[in-house]
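A.B. asks: Pasting in a structure now, in structure tokens, and then I'll have a few things to ask.
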Amino acid sequence: MYDMIIAGSGPAGMAAAIYAARAELNFIVIERSTVSGGQVQSTYEVDNYPGNPGVSGPDLSQKMRAHCEKLGVEFKTEEIRSIEKTDSPNTDGSASPCFTVKTWDGNEYTSKTLIAATGASHSNLGVPGEEELQGMGVSYCATCDGAFFKNKVCAVVGGGDVAVEDAIYLSKICSKVYLIHRRDEFRAAGTLVTEARTKENIEFVLSSVVNEIRGDNKVDRILVESRKTGEKTELPVDGIFIAVGIKPETELFQKLADTNEGGYLIADETCETSCPGLFAAGDIRSKQLRQIITAAADGANAVTSALRLLG
């Protein structure tokens, strides 16, 4: 019986592991990939993590992993198949939570607390050039990478709040921003769309889709097709920000704790969910900002909250 199991080894999971190790808990980290870091691994350059200006995503991930290893953190590279919760009776008549984690490798682990740090994945366009140029002009986070495109031309793809907010944010940095949406009308709040229309350097490209992202080693143009006329146009851009949705990896936890309409585990800054003993950390949690620094903070808060439960 472990004190804690940490599911996921992105910034939230590794920060949690560091805090758990320093608290001398008996715990393990279960990670799906042999390479820790989560989405950070696909980030070309990170320029907003304090003390590490300009560090590459893989390098930052390796530093976090090395920190964990220095503290003796035990990692299990397995994919979780299911999680069950039962109550373990105490001598005083009360009950303590007990989680059973089963993996596809046929192993079974039990713990008193569980930190969900499996993150979220960005929805892709699925067009040629997207995967090849990811981190070289293709981005899924304007607040993360926008500063790299100062005075340059960029495109934002999407029609929801995030896409329009990204376009507004980038309009303050970039010389020109194309806002590309497959429909005539936006799903975003009307106030956001109205604000975007006041920005002289935002050009709306509606009823259009991106068919291809082009460039040699970095993005330099995109192929856009009108859904009404079928006309194809090549737009010169230095970067493209894709904001067509994000999916939290909460499937394993949805039967255990409450989620919001977006599928995120509902938890405040304590990271406590509606399920006693289950804590949500990182991109999987309902919150305003999903960045490396907030994920790491969640990991620390989740362990601190778990320590109160463990006594």
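The values are calculated or read from the model by the stated rules, or taken from the named source; none is laboratory data. Note that this is a predicted model, so its numbers are computed, not measured. No Cβ is skipped: glycine too gets one built from the backbone with ideal geometry, and neighbour counts run over all protein chains shown.
A.B. asks: Of all residues in the stretch 70-95, how many are touching a residue at least 40 places away in the same chain (Cβ under 8 Å) and closer than 18 Å to residue 278 by Cα?
C.D. replies: 4
A.B. asks: Additional query: Within the stretch 20-49, restricting attention to residues that are of a type in the set (Val, Ile, Thr) and without any contact (Cβ under 8 Å) to a residue 60 or more places away in the chain, which residue is farthest from residue 219 (Cα to Cα)?
C.D. replies: Checked the stretch 20-49; the qualifying residue farthest from residue 219 (Cα to Cα) is 29.
A.B. asks: Just to verify a result, which residue in the stretch 121-167, among those that are assigned to a strand (DSSP E or B) and at pLDDT below 90, is surrounded by the most Cβ atoms within 10 Å (Cβ to Cβ)?
C.D. replies: Result: 122.
A.B. asks: Another one. Report, by residue number, each residue of the stretch 183-201 that is under 23 Å from residue 230 (Cα atoms) and buried (at least 16 other Cβ atoms within 10 Å of the Cβ).
C.D. replies: Hit for the stretch 183-201 is 186, nothing else.
Residue-wise test of (1) crowded, with 20+ Cβ neighbours inside 10 Å; (2) in the same structural domain as residue 135 (by TED's automatic domain parsing); (3) of a type in the set (A, V, I, L, M); (4) without any contact (Cβ under 8 Å) to a residue 24 or more places away in the chain.
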site	(1), (2), (3), (4)
214	no, yes, no, no
236	no, yes, no, no
250	yes, no, no, no
272	yes, no, no, no
276	no, no, no, no
290	yes, no, no, no
295	yes, no, yes, no
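A.B. asks: Among the residues of the stretch 13-27, is any of a type in the set (D, E, K, R) and closer than 27 Å to residue 106 by Cα?
C.D. replies: Our first condition is that a residue be of a type in the set (D, E, K, R); within the stretch 13-27, this holds for 22, 24.
The next check asks that each one be closer than 27 Å to residue 106 by Cα; those that pass are none.
Checked against the condition, which is being of a type in the set (D, E, K, R) and closer than 27 Å to residue 106 by Cα, the stretch 13-27 yields no hits at all.
A.B. asks: Filter the stretch 80-120 for residues that are more than 23 Å from residue 299 (Cβ to Cβ) and among the hydrophobic types (A, V, I, L, M, F, W, C); which is modelled with the highest pLDDT?
C.D. replies: 104
A.B. asks: Moving on. Say we look at the stretch 14-39 and pick out the residues that are at pLDDT below 95 and β-branched (Val, Ile, Thr); which of these is surrounded by the fewest Cβ atoms within 10 Å (Cβ to Cβ)? Can you show your working first?
C.D. replies: Taking the stretch 14-39 first, the residues at pLDDT below 95 are 32-39.
Checking the rest, the ones that are also β-branched (Val, Ile, Thr) come to 34-35.
Numbers: 34: 8, 35: 14.
Going through the qualifying residues, I end up with 34.
A.B. asks: Residues 56, 94, 111: which one is among the small types (Gly, Ala, Ser) and over 21 Å from residue 14 (Cβ atoms)?
C.D. replies: 94 is the lone residue from the list that is among the small types (Gly, Ala, Ser) and over 21 Å from residue 14 (Cβ atoms).
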